[in-house]
Amino acid sequence: MVDLRPDSATFLQWTAEILTPDNGKMMYVPKGFAHGFQTLEDHSMVFYQVSEFYAPDYYRGVRWDDPLLKIEWPGPVTAMSERDQSWKYCEPAQFFALNGIVEIEAA
């Protein structure tokens, strides 16, 4: 999952966890974060819930291979939906605009 909150100390940083039936782990993805998943075994089942009704006009995403994020996936990416393939690379300014912050100071 990737922190997309511009005012966060971990803005644009990511974390990952391997979830298996044996380890019983789950992940909670808070508001302001992006999530992605990669199945590591054939015939895997993924179940997730969301806090709002599906509203495609508000759907956003980041590219799985974005050089700004440098996400280290556990294996090669071999299958992906057309929608997920279509996301553009990140520009930090877009996240400031989404959160209502107008001015961006240069680093």
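Do we have residue 101 as surrounded by 12 or more Cβ atoms within 10 Å (Cβ to Cβ), modelled with pLDDT under 90, hydrophobic (A, V, I, L, M, F, W, C) and part of a loop (DSSP other than H, G, I, E, B) here? Taking the combined requirement at face value, the residue satisfies it.
Quick check, is residue 9 part of a loop (DSSP other than H, G, I, E, B) and within 13 Å of the chain's Cα centre (by Cα)? When the stated conditions are applied, residue 9 does not pass them.
Within the stretch 1-17, the residues that satisfy the criterion of being of a type in the set (Val, Ile, Thr) and without any contact (Cβ under 8 Å) to a residue 40 or more places away in the chain are 10, 15.
So, in the stretch 49-68, of the ones that are assigned to a loop (DSSP other than H, G, I, E, B) and acidic (Asp, Glu), which residue ends up surrounded by the most Cβ atoms within 10 Å (Cβ to Cβ)? By that ranking, first place goes to 66. Residue 76 meets all of the listed conditions (1) part of a loop (DSSP other than H, G, I, E, B); (2) modelled with pLDDT under 90 but one, namely (2). Scan the stretch 22-38 and give yes if some residue there is under 16 Å from residue 73 (Cα atoms) and of a type in the set (Gly, Ala, Ser), otherwise no. Yes, because at least one residue in the stretch 22-38 is under 16 Å from residue 73 (Cα atoms) and of a type in the set (Gly, Ala, Ser).
The values are calculated or read from the model by the stated rules, or taken from the named source; none is laboratory data. Computed from a predicted model, the values in this text were never measured in an experiment. All Cβ positions, glycine included, derive from the backbone under ideal geometry; neighbour counts span all protein chains shown.
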